[in-house]
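Okay, structure first, notes after.
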Amino acid sequence: MFKTDAPTTPAEWISAGFEITPCIDKKPITKDWGNVISTAKDFKPEHQIGLKLKGLVDFDIDNHYIKRFVEKYLRSRGAVYGRKSNPLSHFLFNNSLASFKYFLPKELEKYCKDFPHGVTLCEIRCFKDSAHQSIVPGSIVENETVEWSKYASINEYNGDLAHDIGKIALSGALSILYPSKGNRDNYCTSIAGVLSQHTEWSAGEIDEFVYNLAVFSNDENAKNKMSKGTNAKNSKGNKLGIPTIAEIVGCTNGTIGKLFSWIGVKDSGSLFTDLKCYMTIPKYWELKYKDHVLRIMDTAILMSYSKMQVIIEENCFETAPPITPKDWRQIRAELYKNVQKVDVPYEQSFFGVIANHFSDFCELNFNMDKEHLFDRIARGCWHDQANKRYVFKLESFTDRLRGRRVSFEQRTLTAMLREKFGAETMKITLNKKELRVWTVPMANVEKFENATTGTFVDYQMEHLKKKLGTTPEGNIKWKPDNVF
């Protein structure tokens, strides 16, 4: 529909109440053009007409896949223009939105090699947050006339313009990525699953979206996709979602998540970033969830989302998002691709921290007579100077760790004592009483202290000698015990 007052000259645009600026090669020729009021006399025949988008929105389409979905989702299209090589490419509305460019992420560049504008799909152009102008009818661009396809009026949009443009952009992107053969059913089922789980769309709205996508992607079985939304809403089992789409397309979950963010979907997988592995023995991890850094001391916790939910709720004081075990495996797989491996000095590792506590534990000793030796070993560490070893009960050391709120796993702890300090289990008998203990050569503890502090323990040894005094040796018999 055309009106006789459709503007096509600088004078007509100005008379209609719009601000324009002269351009060459689509760029304004006037410095600070956004604040300069131009008149018709400022325009020469070689100039293009740049419409200042003050209080206006230009929905600018650069990819023909996007145009397939315009009539399905864009309402009240009163002012449409373009040029021969790209007709029906600009839709003007009397609205004010934030400018935004829709493009496929770098990981999907291989799908865009034949498009004139590459990864760029479409754009919301407005004056609201940055100065934008668009070349309008009455101009010549690359020897083509910019002309109206329809002009009734530049009207206000009847609906949520940003949402509808987002739906069009997502449809176009998913159509570009639509599988040529095979996986089409899983692809559409997964899209319906995402929309069902992460939006407030009705089953009918999802049915329509998936069906339109299949039709305009030339799916010969499009009619079989008519109930995908209804099925997703009624399904009580695990729904396919973004990880399945990413697997079919051949990209990361985060890339697909960015596409769905255009309609407000906050993909759970994209909430997890910046995985770090600290190369200690055993390893521990850090993972960023939103703005929180989570420390994970056991790889088994990272492998179980039910355990991760506890960490999220304890550290972030919020309900963790629902993620299926299958999706969590795929999210982890994506995180592993970019994991940052961090080398950590031994003394800062889990083993190192425990070993430091053990070194301090070994230093504890008091003068005592042989009658009280068992009591001492039951509570702490005895310095057996005659055999140059420390003697202690494992329970005494683990009680000390618990008292300092240091978490540990028993088998890992005992493995560290054996490997790092050469610890052995023994039985001692005193006055017909038998006690199972652990022993560690003093030299091994001193070696650890020397390695971690950079200075040998001359001072420490002198300090210990002053504390030891006379060591009760009494009537003690030692025998090895390979099973503690």
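None of the figures in this text is laboratory data; all of them are computed from the coordinates on show. Given the structure is predicted, the values throughout are model-derived calculations rather than measurements. Don't worry about glycine lacking a Cβ; one is built from the backbone with ideal geometry, like all the others, and counts go over all protein chains shown.
Using only helices, what value at 222 nm comes out for the chain when you add -39,500 (n - 2.57) per DSSP H run of length 4 or more and divide by the total residues, to the nearest 500 deg cm²/dmol? Walk me through the numbers on the way to the answer.
Numbers: 18 runs with 178 residues, N = 484.
Calculated at 222 nm, the ellipticity per residue is -11000 deg cm²/dmol.
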- Item | For segment 282-349 and segment 34-84, distance of Cα centres in Å | 48
- Which option, (i) 98, 46, 43; (ii) 91, 56, 51; (iii) 118, 56, 36, is the value of Cα extents along the principal axes in Å that was calculated from these coordinates? (iii)
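Tell me, what is a quarter of the convex hull surface for the C-alpha atoms of segment 245-315, in nm² with one decimal?
Details: hull surface 23.2 nm².
Mean orientational projected area (segment 245-315, Cα hull): 5.8 nm².
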- Message: How far apart, in nanometres, would the label points at Ser96 and Ala152 be if each is projected 7 angstrom from Cα along the Cα-to-Cβ direction?
- Response: 2.5
- Task: Give me the lysines in straight-line cross-link reach of Lys427: C-alpha distance below 20 Å, same-chain residues under 8 apart excluded.
- Result: Lys370, Lys388, Lys393, Lys477, Lys479
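So between His292 and Ser304, what do we pick up on full extension, going 0.36 nm a residue minus the alpha carbon distance? Intermediate results must be reported in sequence, preceding the final value.
Working: separation 12, 0.36 × 12 = 4.32 nm, distance 1.89 nm.
The span from His292 to Ser304 would gain 2.4 nm if fully extended.
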- Give the order of Asp5, Asp164 when sorted by the count of other beta carbons within 10 angstrom, beginning with the fewest. Asp5, Asp164
- Message: Suppose we keep just the DSSP beta bridges with both residues in segment 269-342; what percent of those would be antiparallel, to 5?
- Response: 75
- Specify the angular offset, from 0 to 90 degrees and rounded to the nearest 10, of the alpha carbon long axis of helix 305-316 from the longest principal axis of the alpha carbons in the chain. 90
- Query: Going by alpha carbons, how many degrees (0 to 90, nearest 10) lie between the helix axis of 458-468 and the longest principal axis of the chain?
  - Reply: 50
